[in-house]
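To start, the structure under review is shown below, and the notes come after it.
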Amino acid sequence: MPIFSSDGVEIYYQVAGEGYPIVLAHEFAGDITSWDPQVNYFSRRYQVITYCHRGYPPSEVPDDPEAYSQDIQVEDLRRLLQHLGIEQAHIGGLSMGGTLTIGFAIAHPEMCRSLVVASAGAGSDPGDRERLVASWQALSESMVSEGMEKFADNYARGAERQQFLRKDPVGWAKFHAGLAAHSAQGSSLTFRGVQMKRKTILQLEKELQQIKIPTLVMIGDEDTPCVDAAIFMKRHIPSCGLSVFPQAGHTINLEEPDLYNRTVSDFLIAVEAGKWV
């Protein structure tokens, strides 16, 4: 099993295909298998690297709450690239992985050939932040006290996941089963250390303006908590394009895999040809 050590924490990863490297960082409710449609597609032309964040088996699940933060996730990704001997790659992520992609670009711009940021920015509304953090605290507690199966039953049926269930009930059932099998401790500590403590997209205005890397932001038009953040990134990242998926929710890479793959592929071709403005 391919693993590497990030400050003593073992991180599981996979590499598929050959070519220029693409790294994909998964969302909170996903894991390495969330990228299967993208690995199958892009590994024909690229070296595709996927991994499980700390707290997501078969990666290690540290007991210490201080072992979880977005800055630590950024460092895990840097060490993964270092472990593989990769100096620069296309970096992409969805939701938590998308916000991580922005954080990684701010910290290590020299390692980013391009950025794909999908469904990122939930919790950025300053008028709703206090209520949302309180709800996240309750959710993080329920994962441990009630178990991941009950948590998954509710979380996977949220307003921004109903589109996935409607369009692809078989794919949704696989997503739901994967979420129910996650580590309750790892998921809870990730929620507390990452989602509840990271800066919001709206708080990163100055940092976003300094990003000179070709960037594609992708959003489902029914992913209500993330729409304003997507528009904010489009307005403040100088080299940013915005792609909006119609009647789509949060998990757009699984909900609309063909559209997702074609949109990202066109973006990468433009970047590599020097045509992305």
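Annotations for the structure displayed:
- Here the extension length gained between residue 197 and residue 86 equals 37.0 nm, from 0.36 nm per residue of separation less the Cα-Cα distance.
- Charge dipole magnitude, Cβ of K and R +1, D and E -1 - segment 3-272, Cα centre, debye nearest 20: 480
- Neighbour counting of Cβ atoms within 10 Å sorts the residues 263, 33, fewest neighbours leading, into 33, 263.
- Principal axis extents of the Cα atoms in the chain, from largest to smallest and rounded to whole angstrom, are 51, 39, 39.
- Between residue 222 and residue 5, the C-beta separation translates, for a Förster distance of 41 Å, into a calculated FRET efficiency of about 0.50.
- Inter-probe distance in nm under a simple model that places probes 7 Å from Cα toward Cβ, at residue 154 and residue 258: 3.7
- 17 Å reach of a label modelled at residue 78, 7 Å along Cα-to-Cβ, counting backbone N of segment 100-123: 100-113
- Relative packing of peptides 228-235, 122-129 - highest average C-beta neighbours within 10 Å first: 228-235, 122-129
- An oblate overall shape is assigned to segment 127-276, the ratio a/c of its alpha-carbon gyration tensor axes (a ≥ b ≥ c) being 1.5 or greater and a/b not exceeding b/c.
- Among 176, 270, 154 the positive-end extreme of the charge dipole of the chain (Cβ point charges): 270
Values quoted throughout were computed directly from the atomic coordinates according to the rules given, and no laboratory measurement underlies them. Since the model is a prediction, treat every value here as computed from it, not as a measurement. Cβ: placed from backbone, ideal geometry, glycine included. Neighbour counts: every protein chain shown.
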